[in-house]
Structures are given as C-alpha cells and as structure tokens.
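First comes the structure, then the notes that go with it.
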Amino acid sequence: MNHSNNTSNDNWPTPGPNEPIPSWGEYQQLREAIHSYLDHEPEDPAWNDIWRALGSILGEYQRDAFVEAFDVDEPADTACIRRLITGAEECPHSPFEAEEDPQGPPHKPPASDHATLWLDDGEPAVYSMHVYPGNIERLDAEEPPYNMWFDLFEFAAEWGLEVSVLPKSWYSLGSTVHIVFYPPERYR
C-alpha cells in the first residue's frame, strides 16, 4: 500500500512481529511469494484478496489444528446444537418442519453459519460455526438487534455452554470469525 501524502509511517504502530533473525530460505521464499501475489492483477477480482488465497491454501491445516486442539474425532452428519446440550445420540429435528420445540433446546444457536457438530468417541463434544462479522454486527440495521454477539452469549448462558471466539477460521480465512460452543465440564 503506497501512502504518498507526505506523512511518514515510521511512528505508526508496528504491524506485528519483526522478521526472524536470522531468517531462513523458506521464510524468504514465502515473503517473496506473498509480495508477488499482492502485486498481481487476477482476472477474478475476488482473488485479489490475499486472505482468500491463504484460506484456500491453509484451510485444511487450520481445520486439523482445531480438531487436535479440541481433541475431537469427527463431524456429525447434522450440526445440531441440541445434541451437544442434551447428549442425544441423534438430531430430533425434522428437516421438513421449521417449528422448534419451545420447551427444549433449538437445532442451532443465533447467527449460526457454516456449522459443524464435532464428536469425540461418538458423543457430541463441540459445536463450531464460522460467521461473517457483518451478519452478527448489523451496523446498518434500523431496529434491534443491532449486535447479535449479545444473543450468542445469552444463548450459551441459557443452555449452560461455554463460548470461545477463535482468531483462526478455516472457512474463508480473514473473512469469518470462528465461534465454538462446548459444555464447561469438557475442558476442566
């Protein structure tokens, strides 16, 4: 990014860690490849975004790191948060009926998008979802709710779940926020 407005960015906050000293060949290659990518003009403008490209390349790595960190085995066939809350073996919701049980936990939390119910030894262990910040922080809304973060945390409190917001999403890296719900006893 070129700033030609006669201001120096020497006093700006640092963009993060300095380069490793001494740096190694692979680091230099990666740096050069990223700079080359940032300088290109793709035919599809959506691919001009470096985060989209890195997400495509690193998505599987990020997902596998999540699976290892949360010590889960596999995804369930259906992302049903009710299973996580109740421990049920199957999702009790019909895909053909939109009505939820008013007495029981719902099928999904507020703002759920790109969701997965993860299992550990066949038991529900973690519910994760990758949401676009604009879908949660509805800054252009004329009426409440303006910000669904409150809804997410109220939902977790109502159903006895913990919430983690992870900085690394494997679904559209740089564009989505990874939110994880889990029972508090799972990580004590």
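Derivation of every value follows stated rules applied to the coordinates shown; laboratory data play no part. All values derive from a computational prediction rather than experimental measurement. Positions of Cβ are generated from backbone atoms using ideal geometry, with glycine treated the same way; all protein chains shown enter the neighbour counts.
A cut-off of 5 Å between modelled amide H atoms, ignoring neighbours fewer than 5 places along the same chain, links N147 with R138.
Across the chain, where is the longest run that never hits GluC sites (Glu not before Pro) in a DSSP loop with at most 16 other C-beta atoms within 10 Å? Longest site-free region, per DSSP loop and neighbour criteria: 143-188. In this structure the amide hydrogen of A79, modeled in the peptide plane, comes within under 5 Å of the amide hydrogens of L117, none closer than 5 places in sequence on its chain. The HN-Hα couplings worked out from phi for the stretch 168-183 by the Karplus form 6.51 cos²θ - 1.76 cosθ + 1.60 (θ = phi - 60°) are 10, 9, 8, 9, 6, 3, x, 10, 10, 10, 9, 10, 10, 10, 7, x Hz, whole numbers, x standing for Gly and Pro.
Under a Cβ-Cβ cut-off of 13 Å, what is the net charge of the residues other than L58 that fall near it, where Lys and Arg count +1 and Asp and Glu count -1? The answer is +1. With neighbour counts taken as other beta-carbon atoms within 10 Å, the residues S172, S56, S36 rank, fewest first, as S36, S56, S172. Couplings 3J(HN,Hα) for the stretch 103-118, derived from phi with the Karplus relation 6.51 cos²θ - 1.76 cosθ + 1.60 (θ = phi - 60°), are 8, x, x, x, 6, 8, x, x, 6, 4, 8, 6, 8, 9, 9, 9 Hz, where x marks Gly and Pro. Between D120 and D73, A125, the built amide H atoms are under 5 Å apart, and every one of these is 5 or more places off in sequence or on another chain. What residue among W51, W149, W24 shows peak mean-square fluctuation when the chain is described by a Gaussian network model with Cα springs under 10 Å? Residue with maximal mean-square fluctuation among W51, W149, W24: W24.
The calculated 222 nm mean residue ellipticity attributable to helices in the chain amounts to -9000 deg cm²/dmol, summing -39500 (n - 2.57) over DSSP H runs of n ≥ 4 and dividing by all residues. Span-like helix check, the chain: qualifying full DSSP H segments, with Cα axial length of 24 Å or more and mean Kyte-Doolittle of 0.0 or more, are 50-69. Semi-axis lengths, largest first, of the ellipsoid equivalent to the chain are 38, 21, 16 Å, with √(5λ) applied to each eigenvalue of the Cα gyration tensor.
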